[in-house]
1. Under the 0.36 nm per residue contour assumption, what length would be gained going from the current alpha-carbon distance of residue 156 and residue 143 to full extension?
2. Could you work out how far apart the two model spin labels at residue 117 and residue 61 are, taking each label as a point 7 Å from the Cα in the direction of the beta carbon, and quote it in nm?
3. Going by a ≥ b ≥ c, the root eigenvalues of the Cα gyration tensor, does segment 73-130 fall in the rounded group (a/c under 1.5), the prolate group (a/b larger than b/c) or the oblate group?
4. Just how far, in whole angstrom, is segment 39-66 from segment 99-157 if you go by their alpha carbon centroids?
């Protein structure tokens, strides 16, 4: 079962993933929905605007074809993609089935609206419902304080280890996990 898209009103939230650049139009409607193949170019464009890690288009296609129910986009009132989450299931998992967040991005103009949390919750819900995932993992740069705050304080991830020189430029990464089997998480969905 694929989770239903969520619609909501934009609202100001104190989210650390953002800067002071926020959209002042609080009444505009946002839409979170499952990503489609036609979204992949716009997802890549959003990635290029937001993140230092960039992927070739074939990587987006690989995710979209292999796990079509796990990646989501956030659209503004004009149907433009302003954020996305690119997710997958770990294929060579020797332990419990678990998902992985490959990339999460929200355009600066649409931050502080809770979109990152909504995108992550949709992906996590799909991992649990479709693949019976027990947890979700991700990597984040040690220097990315805003993302670390978002992941630990808002999304309840914990640091599991440091992976030295994980990124192409040699920066270390925190490997992080979020338990999806806890009753508190399941009730939230």
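Values in this text are rule-based calculations from the coordinates and carry no lab data. From a predicted model like this one, the values you see are computed outputs, not experimental measurements. Glycine gets a Cβ as well: all are built from the backbone with ideal geometry, and neighbour counts include every protein chain shown.
1. On the way: separation 13, 0.36 × 13 = 4.68 nm, distance 1.87 nm.
Computed gain between residue 156 and residue 143 is 2.8 nm.
2. 3.7
3. On the way: a/c = 2.86, a/b = 2.56, b/c = 1.12.
It comes out prolate by the Cα gyration axes.
4. Cα centroid to Cα centroid, the span is 16 Å.
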